[in-house]
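Worksheet: one structure, shown below.
The values are calculated or read from the model by the stated rules, or taken from the named source; none is laboratory data. Note that this is a predicted model, so its numbers are computed, not measured. So basically every Cβ, Gly included, is an ideal-geometry build from the backbone, and we count neighbours across all protein chains shown. These area figures cover heavy atoms from the full protein model, side chains too; ligands, DNA and RNA do not enter into them. Shrake-Rupley method; radii C 1.70, N 1.55, O 1.52, S 1.80 Å.
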Amino acid sequence: MLPAPAVFHFPWEVNSGEVQEGESVRVFGRLVCYQPEESRATLSAQHASKEHRVAVHTLFVEPFNPIIGAQYLVLGEIEKAEGVGAVIRARVLNCVDGVNVALLQNAINEQRSFFIEREQTSDNAQAT
């Protein structure tokens, strides 16, 4: 059985608890730290003049050649970990360095708007 499709979430949403444990997510950020002995990486993203960090468990995607400072896109499931909070258990970890982050954020917001509109249209059609 395939997992549910992963929805894009911003790193600040993952940290705020908006995403439930076990949920499939897609998250992007700049790789700021990689600890191969612990199979752990840290992605970072800026939002409202604040830096938000997300821990990523990399056991399922190793070995990979980390490029510190590069943009990465991770697909995985949310787990709760003691002392760390939310951790993404990575199933896919791709370097997407060179991506326009502002444009990506706009695209994610547009996609969300589309899905909300489609859901409302579907609900209205079922009600009639």
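Based on C-alpha pairs under 8 angstrom that are at least 6 apart in sequence, the chain has a relative contact order of 22 percent.
Rolling a 1.4 Å probe over the protein heavy atoms gives region 19-104 an accessible area of 54 Å² per residue. Protein heavy-atom surface of the chain, 1.4 angstrom probe: 53% of the accessible area is carbon and sulfur, with nucleic acids and ligands not counted. Size of the chain from its Cα atoms: along the principal axes, largest to smallest, the extents are 58, 33, 25 Å.
In the chain, taking the dipole from charged Cβ atoms about the Cα centre, the farthest positive-side position among VAL61, ASN100, HIS47 is held by ASN100.
Report the charge-dipole magnitude of the chain in Debye, nearest 20, computed about the Cα centre from +1 at each Lys and Arg Cβ and -1 at each Asp and Glu Cβ. Don't skip to the end; give the middle numbers.
Values: 10 positive and 16 negative charges, 51 e Å.
Dipole magnitude for the chain comes out near 240 debye.
Please list 112-119, 69-76, 17-24 highest first by mean number of surrounding beta-carbon atoms within 10 Å per residue.
Numbers: 112-119: 10.4, 69-76: 18.5, 17-24: 13.9.
Those peptides, ordered most packed to least, come out 69-76, 17-24, 112-119.
For helix 101-127, what angle does its Cα long axis make with the longest principal axis of the chain, in degrees from 0 to 90 and rounded to 10? Long axis of 101-127 versus the principal axis of the chain: about 30 degrees.
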